[in-house]
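Quick notes on the structure that follows.
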Amino acid sequence: MAFLQTISQPWQQHAEHLRQVLAQLDPKERRRILDYISMPPEPPKPKAYPIGECMRAARRVAELLQLHQKWTQAKARRETARELGVSPVQLRRMLRHVEQ
């Protein structure tokens, strides 16, 4: 056990300080704080895309599908995403925004 105490992790000093501060609080307040910090973080909010960019992306996908009859929709979307400099996932979200 003494061996473990000699190896100090960078976070241990902060954890000990936090433990001391929490020990000074009222038990109900301490429980509320511990419950709060143990909750999982909120998921990130979806990014709002400007409707003009979304409409332009939708028009470009349709345009590519007309120009290249043999292309699949996935290929047209991939090309559009590359042209716009966004990921395919971002493009999919932009197109979903237009459909709403």
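Where a number appears in this text, it was derived from the coordinates with a stated rule and is not lab data. Everything quoted here is computed from the prediction, not taken from an experiment. In this analysis, Cβ positions are derived from the backbone assuming ideal geometry, glycine residues included, and neighbour counts consider all displayed protein chains.
Divide by every residue of the chain the summed helix terms, -39500 (n - 2.57) for each DSSP H run of at least 4, and state the resulting mean residue ellipticity at 222 nm, rounded to the nearest 500 deg cm²/dmol. Walk me through the numbers on the way to the answer.
Details: 6 runs with 70 residues, N = 100.
Per the formula, -21500 deg cm²/dmol.
Mind jotting down the distance between the C-alpha centroids of region 19-59 and region 67-95, whole Å? Result: 32 Å between the Cα centres. Both radii are taken from the alpha-carbon atoms of region 4-100; with Rh as the Kirkwood radius, Rg/Rh is 1.41. Between Q69 and R92, the FRET efficiency estimated from the beta carbon spacing at R0 = 22 angstrom works out to 0.45.
Pairs of Cα atoms nearer than 8 Å and 6+ residues apart set the relative contact order; for the chain it is 25 percent.
Full extension of the chain segment joining L22 with D35 gains 3.4 nm, where the gain is 0.36 nm per residue of separation less the Cα-Cα distance. Judged by the mean number of other Cβ atoms found within 10 Å, the most tightly packed of the peptides 28-40, 82-94 leads the ranking 82-94, 28-40. Helix 73-84 axis versus longest C-alpha principal axis of the chain: approximately 70°, rounded to the nearest ten. In region 51-99, the alpha-carbon atoms span a convex hull of 61 Å³ per residue.
For Q9 and E42 in the same chain, what is the full-extension length gain: residue separation times 0.36 nm, less their Cα-Cα distance, in nm?
9.0 nm is the gain from fully extending Q9 to E42.
Going by C-beta contacts inside 10 Å, put E79, E63 in order with the fewest on the left.
Numbers: E79 15, E63 12.
Fewest to most other Cβ atoms nearby, the residues stand as E63, E79.
Taking the beta-carbon count within 10 Å as an exposure proxy, list K47, K70 from fewest neighbours to most.
On the way: K47 9, K70 6.
Listing K47, K70 from fewest to most nearby Cβ atoms yields K70, K47.
Only the Cβ atoms of Lys and Arg (+1) and of Asp and Glu (-1) were treated as charged; on that basis the dipole of the chain about its Cα centre amounts to roughly 540 debye.
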